[in-house]
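Note sheet for the following structure.
The values are calculated or read from the model by the stated rules, or taken from the named source; none is laboratory data. A quick note: this is a predicted structure, and the numbers were derived from the prediction, not measured. Positions of Cβ are generated from backbone atoms using ideal geometry, with glycine treated the same way; all protein chains shown enter the neighbour counts.
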Amino acid sequence: MDEEFLPAEDEEVEEPSPSAEYQTKKLEQFQEKIDASFSAMQTSFDYLMTTIEKNPDRIIFDTENIIILGNLATYTIPLDSVLSKLKNPFAGGSGLQATKTTRKGELKGKQASVCIQPDYNNVSDLPGCDVLDSYFLMLLNDDKFIHQPAHGPLRRAMLQLYGLGISPASKAMKTWIESTSAAEFKAEESAAEIKGTDGWRWRVSDSNPLVNGFTIWFKKKNQRKWTKVVEDSSLFEYSYHYEDVLSVLELLSDSPRVLIHDEPYASDEYFMHAVAKHHTPVAKRIENDRAKQAAS
């Protein structure tokens with residue numbers, strides 16, 4: 001056995017015993033731990049109530065939900081899911097359930113789901129109301145927590161709700177997109193632009209409400225006006241790979257180069273054929289691929 005797992009020489013190893021004295025002592029220790037957990041729960045409940053009472057206009061109730069009015073969006077949390085966790089933490093799965101998110105000041109209309117876990121390493125050691133209090137505070141201050149690395153689900157939820165246009169979240173979206181890619185975010189134009197290869201520059205937009213995905217334009221070197229190359233990215237053969245703008249920007253940052261070479265992640269034929277109409281090397285790659293298939 002490794003030395004690090006051996007008990008210290010002066011450490012007393014407890015030996016269980018069936019004696020009444022030992023059993024009484026262990027029962028008392030168990031009761032003390034239960035009492036301590038109840039005390040901790042009461043203290044955490046007091047903190048939770050303080051948070052609610054300090055924010056009467058931003059933590060409100062309807063018939064079945066707690067509604068948190070964040071700075072970026074509105075969050076609806078079913079009361080039953082919260083109470084069931086507090087009444088019986090052994091029931092159901094672990095962690096907080098996903099919360100319905102709608103646009104700021106709205107309860108209906110476009111919505112997304114967001115699952116945010118409190119920033120604690122050992123959440124299981126905390127009283128339930130501590131976790132809930134932390135969750136409420138995070139949603140109340142969503143404009144601050146959205147910048148933290150661990151809160152990608154919140155950033156993606158805001159992108160689903162608002163897209164690339166001007167919104168309560170557009171400032172945070174600009175910071176996120178420009179810090180994780182080489183793109184330039186232009187909320188006033190509902191667009192993001194990024195430099196590609198071979199002197200190309202790309203533009204992605206979601207401003208057309210009739211388009212399910214993103215519309216993509218390009219400019220070649222010395223070209224003044226944008227050329228539309230893809231009306232709707234949801235028509236991509238592998239559209240599920242490009243459901244968020246960062247995935248599209250990653251593809252475009254290496255295009256058209258990546259479309260010319262036989263690389264697995266650039267095999268979306270819809271995009272290749274769209275670009276091939278404007279770039280001869282991509283058209284030649286498609287022609288060569290067809291020739292190989294015919295010869296095989």
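When 166, 177, 194 are checked against the criterion of being within 30 Å of residue 74 (Cβ to Cβ) and touching a Leu at 6+ places or on another chain (Cβ under 8 Å), 177 stands alone in meeting it.
None of 216, 146, 166 is among the β-branched types (Val, Ile, Thr), out of contact with any Gly (no Cβ under 8 Å at 6 or more places or on another chain), surrounded by 22 or more Cβ atoms within 10 Å (Cβ to Cβ) and without any contact (Cβ under 8 Å) to a residue 60 or more places away in the chain except 216.
For the residues 216, 194, 166, the requirement of being in a loop (DSSP other than H, G, I, E, B) and not assigned by TED's automatic domain parsing to the domain that holds residue 100 singles out 166. Only a single criterion out of (1) surrounded by 10 or more Cβ atoms within 10 Å (Cβ to Cβ); (2) modelled with pLDDT of 90 or more is not satisfied by residue 19, namely (1).
Return a yes/no flag: does the stretch 275-285 have any residue that is among the basic types (Lys, Arg), in a helix (DSSP H, G or I) and crowded, with 17+ Cβ neighbours inside 10 Å. Taking every residue of the stretch 275-285 in turn, at least one turns out to be among the basic types (Lys, Arg), in a helix (DSSP H, G or I) and crowded, with 17+ Cβ neighbours inside 10 Å.
Every listed requirement among (1) among the charged types (D, E, K, R); (2) modelled with pLDDT under 95; (3) part of a loop (DSSP other than H, G, I, E, B) is met by residue 35 save one, (3). Give the residue that is nearest to residue 142 (Cα to Cα), with candidates limited to residues of the stretch 41-65 that are within 26 Å of the chain's Cα centre (by Cα) and without any contact (Cβ under 8 Å) to a residue 24 or more places away in the chain. Applying the filter and picking the extreme gives 60. For residue 171, are the conditions met, namely being out of contact with any Phe, Trp or Tyr (no Cβ under 6 Å at 6 or more places or on another chain) and outside the structural domain of residue 246 (by TED's automatic domain parsing)? It is true that residue 171 is out of contact with any Phe, Trp or Tyr (no Cβ under 6 Å at 6 or more places or on another chain) and outside the structural domain of residue 246 (by TED's automatic domain parsing). Of the residues making up the stretch 197-206, those that are touching a Lys or Arg at 6+ places or on another chain (Cβ under 8 Å), surrounded by 13 or more Cβ atoms within 10 Å (Cβ to Cβ) and assigned to a loop (DSSP other than H, G, I, E, B) are 197, 200. Scanning the stretch 223-249 for residues that are at pLDDT 90 or above and either on the phi > 0 side of the Ramachandran plot or not in a helix (DSSP H, G or I) (or both) yields 223, 224, 225, 226, 227, 228, 229, 230, 231, 232, 236.
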